[in-house]
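Visitor: Dropping a structure here in structure tokens format, bear with me for questions.
The values are calculated or read from the model by the stated rules, or taken from the named source; none is laboratory data. Because the structure is a prediction, the values reported are computed rather than measured. Please note: Cβ atoms are built from the backbone with ideal geometry, for glycine as well, and neighbour counts cover all protein chains shown.
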Amino acid sequence: MQDAAYHRRMSDPQKPVSIPAATVILARPGPGDVPEYLLVQRGENLAFAGGALVFPGGRVDAADIDIARNADLATGFAGLDDVDAAARVTCAREALEETGVLLTEGPHPDETALASARAALASGPDAAESASFAAMLAAMAHKVDAARFIPFARWEPPAAAAIVRRFDTRFYIADAGRSASAVITPDGFEAHALRWTTAAEAIADYEAGRAAMVFPTWCNMHRLAQYQSHATLFDQLAAKPAPYVQPAFETIDGEPWLTIPEGIDYPVTRDRVNNIRRE
């Protein structure tokens, strides 16, 4: 269920290999119904984007698709291709591990059992996270609902960029729902701190030097800043295709810039290379 352009990119022998990843933009209504988004400040010691503000997310586990195709653990996935389906499961798993926000559907969980399940996700090897998440879902009688995750965008790094860890990242937006008012905490490793913020506040902090963001997060914040009502946010985004975004390097007036295509719902489409944090 992929488009023709996707297949051309995947079949290109010159195309650098990217790691499948998924990111979830968690939203809740703030004062005046202006959406607030949950940002994670990554640990300074992490190899990728250490210290930067990002949305929760991570690599897609090869076993995430097994959860998506298991009717006892997931619902609404039948019409999705494997890559999309697995990525939505990754969003649910990573949101819980990094922030404590539970995006699955089912009975109100026992808080002690939920804390233990989250600890198991964080303490085990990366390859075991999906199995731990599946066990948690079964124990709580919870399911991942595909409809909760609205496709927002898909980003890949520029083909010419000298980046060690190349992530092919699918972004989704989800209503934080009941978890928005619950006590949430960073995992202490990938997530050093958590922060609810409007898109405008995050952009202002970046411009004032109070916060670091990688280029995709910065662009996505500008896109989110266009939507000023949480009540209509999801309907508006669901009515638009999730764009594929691969930045390109361009020389403009003798200076190197990183640009993204025009006309894909991003109001800011370029920044000087010297301003940009790579990893």
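Visitor: Failed condition for Tyr244, given (1) crowded, with 18+ Cβ neighbours inside 10 Å; (2) within 16 Å of Thr23 (Cα to Cα), with all others met?
Guide: Among (1) crowded, with 18+ Cβ neighbours inside 10 Å; (2) within 16 Å of Thr23 (Cα to Cα), Tyr244 violates only (1).
Visitor: Out of contact with any helix residue (DSSP H, G or I) (no Cβ under 8 Å at 6 or more places or on another chain) and under 23 Å from Ile184 (Cα atoms): is that true of Glu105 in this structure?
Guide: no
Visitor: Related question: Among the residues of the range 122-141, which ones are in contact (Cβ under 8 Å) with a residue 24 or more places away in the chain and either surrounded by fewer than 20 Cβ atoms within 10 Å (Cβ to Cβ) or among the acidic types (Asp, Glu) (or both)?
Guide: Result: Ala122, Asp126, Ala127, Glu129, Ala131, Ala138, Ala139, Met140, Ala141.
Visitor: If you don't mind, there's one more thing I want to ask. Could you list all residues from the range 248-264 that are in a loop (DSSP other than H, G, I, E, B) and at pLDDT below 95?
Guide: Selection gives Asp253, Gly254.
Condition check ((1) more than 21 Å from Lys240 (Cβ to Cβ); (2) small (Gly, Ala, Ser)) across all residues:
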{"site": "Ala120", "(1), (2)": "yes, yes"}
{"site": "Ser123", "(1), (2)": "yes, yes"}
{"site": "Ser132", "(1), (2)": "yes, yes"}
{"site": "Met140", "(1), (2)": "yes, no"}
{"site": "Ile150", "(1), (2)": "no, no"}
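Visitor: Among Thr90, Thr112, which is the only one that is part of a helix (DSSP H, G or I) and either of a type in the set (D, E, K, R) or closer than 17 Å to Val60 by Cα (or both)?
Guide: Unique residue meeting the criteria: Thr90.
Visitor: Still on this structure, please answer the following. Among what's in the range 142-162 and is of a type in the set (A, V, I, L, M, F, W, C) and outside any loop (DSSP other than H, G, I, E, B), pick the residue that is surrounded by the fewest Cβ atoms within 10 Å (Cβ to Cβ). Before you say what the answer is, go through the steps one by one.
Guide: First, pick out the residues of the range 142-162 that are of a type in the set (A, V, I, L, M, F, W, C): 144, 146-147, 149-150, 152-153, 155, 159-162.
Pick out the ones that are also outside any loop (DSSP other than H, G, I, E, B) and you get 144, 146-147, 150, 152-153, 155.
Working: Val144: 29, Ala146: 20, Ala147: 12, Ile150: 21, Phe152: 24, Ala153: 25, Trp155: 24.
Across the range 142-162, the extreme among qualifying residues is Ala147.
Visitor: Consider Arg223 carefully, then state whether it is surrounded by fewer than 18 Cβ atoms within 10 Å (Cβ to Cβ), among the charged types (D, E, K, R) and either modelled with pLDDT of 95 or more or under 23 Å from Leu53 (Cα atoms) (or both).
Guide: no
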